[in-house]
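S.K.: Submitted below is the structure of interest, expressed as structure tokens.
Laboratory data are not the source of any read-out in this text; all were calculated from the coordinates shown. In this text the structure is predicted, and so the values were computed from the model without any measurement. We place every Cβ from the backbone using ideal geometry, glycine too, and count neighbours over all the protein chains shown.
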Amino acid sequence: MNPIEALYARVSRRLVPFLFLCYVVAYLDRVNVGFAKLQMQVDLGLSDTVYGLGAGIFFLGYFLFEVPANLLMTKVGARRWIARIMVSWGVVSACMMFTSDARSFYILRFLLGVAEAGFFPGVILYLTYWYPARRRARIVALFMSAVAVAGVLGGPLSGWIMSAMSGRSGLAGWQWLFMLEGLPSVLVGVWALWFLDDAIRDADWLNDEEKAMLVRELAADAEPRAQLTLRHVLGSSRVWMLSLIYFLFVMGLYGVGFWLPQLVRNSGVQDVFSIGLLTAIPYGIAAVVMIQVARHSDRSGERRWHTALAGFAGALGLALTSQVSDPVMAMAALSLATAGILSTFPVFWSLPTAMLGGTAAAAGIAMINSIGNLAGFVSPYLVGAIKDVTHSTGHGMLLLAASMVAGGILVLLCVNRRNEVL
């Protein structure tokens, strides 16, 4: 291994596992409401529409505070800001155990979105401080595989907590779920205060020569990145187009994230712990596939077809879930859907991070992520409302499949062969 490869391997060993852990606990706190639904909905008398709205209202708070949060990170520093985010969202997530009706459900989910705003775009921005564009898709894939791992670990864990802890100390299983899965975020947030470095220059685990090598690698990026003002970023048609594409893909992501336990139950599995174990299968397959797709994209330098084909595969899986009832076929369809959907994201994020730099990167990444994540509000709400009307999740899955197809088509139309957004 040549010196620069050895150095980046060392950087990755230092940064990626910790950021990965942060995202595992973050994503778990964001979507464990999907498991809580299996008990909480009956206990509190919530309709599917109320559940879908509550699950999605998280993203309204997320949307409103995302751009300011990412801009603040550039002022405060990644170490303090990521720690603050994690501690606050862990506390709010644990407080979800006090949900008593639709109103408190909405309020706490909104506050959870406010608390977490800035985490994901902050990490994406933080990675641009360390890795040049040609290395970024694989690193983002490793980071984002935490979504899949959160599904692998979170499903069985959530199922076990709700089964084993139900009734302990007078609390329902879903209340124990929120409390026990919220606390790790607080602990990891405290850890972030001393573990993370704001930039290469602050890393006391690197010597001066190694720091200089990393700085040279960043400076040698083939294409200069735009250094735009916030006003120009907000008015950029390319940023808005990327936001729309991301929105369409996120529709699929949270359709699966919030409804996967219900989809497994629909296939005939009723035991909560068994549902938790089975939901690990699609996420486990997705973790492997998304890393391989991103690695191949980095090696080839091709982005548009990698993103679009992953989106089309996700759409096919979603469409098939609406047509099958056999548990084995349902798991195959859900695995294809989850793998395809998750594989779009690491390759997609190589496009805006290669295009934007400085304040433009902070604002642009946050804007794309915040607008895109509004789909996290729209998607579960629409699926819940459609289910209340049709008494089936099938039509909702077809809607999400159409969204994934539209996202893939837009990538092919709006990104050229040089990976430039038109």
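S.K.: Springs between alpha-carbon atoms under 10 Å, Gaussian network over the chain: tell me which of TRP174, TRP205, TRP240 tops the mean-square fluctuations.
M.R.: Looking only at TRP174, TRP205, TRP240, the biggest GNM fluctuation is shown by TRP205.
S.K.: In whole Å, largest first, what are the principal axis extents of the Cα atoms in the stretch 1-151?
M.R.: Principal-axis extents of the Cα atoms in the stretch 1-151, largest first: 61, 31, 22 Å.
S.K.: Which whole-Hz ³J(HN,Hα) couplings does the stretch 397-402 yield from phi under the Karplus relation 6.51 cos²θ - 1.76 cosθ + 1.60, θ = phi - 60°, glycine and proline marked x?
M.R.: Values per residue, Gly and Pro as x: 5, 5, 4, 5, 4, 4 Hz.
S.K.: Between beta-carbons, use under 11 Å as the cut-off and find the net charge around GLY54, counting Lys and Arg +1, Asp and Glu -1.
M.R.: Net of charged neighbours comes to +1.
S.K.: Right, here's the next one. Find the centroid of the Cα atoms in the stretch 156-196 and in the stretch 272-335, then give the distance between the two in whole Å.
M.R.: Rounded to whole Å, the Cα centres lie 27 Å apart.
S.K.: Taking the Cα atoms only, what angle lies between the long axis of helix 208-219 and the longest principal axis of the chain, rounded to 10 degrees?
M.R.: 80 degrees
S.K.: Related question: Given a 10 angstrom Cα cut-off, can you work out which residue in ASN369, ASN207, ASN70 is the most mobile in a GNM of the chain?
M.R.: ASN207
S.K.: Most exposed first by the Cβ proxy, i.e. fewest other Cβ within 10 Å, how do THR74, THR321 rank?
M.R.: If I rank by nearby Cβ atoms, fewest first, I get THR74, THR321.
S.K.: What are the principal axis extents of the Cα atoms in the stretch 1-70, in Å, biggest first?
M.R.: Projected onto its principal axes, the Cα set of the stretch 1-70 covers 61, 30, 13 Å.
S.K.: Treating only the Cβ of Lys, Arg, Asp and Glu as charged (+1, +1, -1, -1), what charge dipole size does the stretch 84-187 show about its Cα centre? Round to the nearest 20 debye.
M.R.: With Lys and Arg at +1 and Asp and Glu at -1, about 440 debye.
S.K.: Okay, moving on. What's the exposure ranking of SER237, SER166, going from fewest to most Cβ atoms within 10 Å?
M.R.: With the fewest neighbours first, SER237, SER166 line up as SER237, SER166.
S.K.: Here is a further query. Under the rule of at least 5 residues apart or a separate chain, name every residue whose amide H is placed under 5 Å from the amide H of ASP198.
M.R.: ARG79
S.K.: What residues qualify as long-range amide H neighbours of VAL415, i.e. H under 5 Å apart, gap of 5 or more or another chain, H built at 1.01 Å from N?
M.R.: LEU422
S.K.: Quick check on the exposure proxy: order GLU302, GLU181, GLU210 from fewest to most C-beta atoms within 10 angstrom.
M.R.: GLU302, GLU210, GLU181
S.K.: Restricting the calculation to Cα positions, tell me the Rg (one decimal) and the Dmax (whole number) of the chain in Å.
M.R.: Expressed in Å, the Cα Rg and Dmax of the chain come to 20.5, 64.
S.K.: Right, next: When only C-alpha pairs under 8 Å and at least 6 residues apart count, what is the relative contact order of the chain, in percent?
M.R.: Relative contact order, the chain: 27 percent.
S.K.: Under a GNM of the chain (C-alpha, springs under 10 Å), which listed residue has the highest mean-square fluctuation: GLU66, GLU209, GLU217?
M.R.: Of the options given, GLU209 has the highest mean-square fluctuation.
S.K.: Another question, then. Is the stretch 51-110 rounded, prolate or oblate when judged by the Cα gyration tensor, a ≥ b ≥ c being the square roots of its eigenvalues, rounded requiring a/c under 1.5 and prolate requiring a/b larger than b/c?
M.R.: oblate
S.K.: Roughly how big is the chain's charge dipole about its Cα centre, with Cβ charges of +1 (Lys, Arg) and -1 (Asp, Glu), in debye to the nearest 20?
M.R.: The calculated dipole for the chain is roughly 580 debye.
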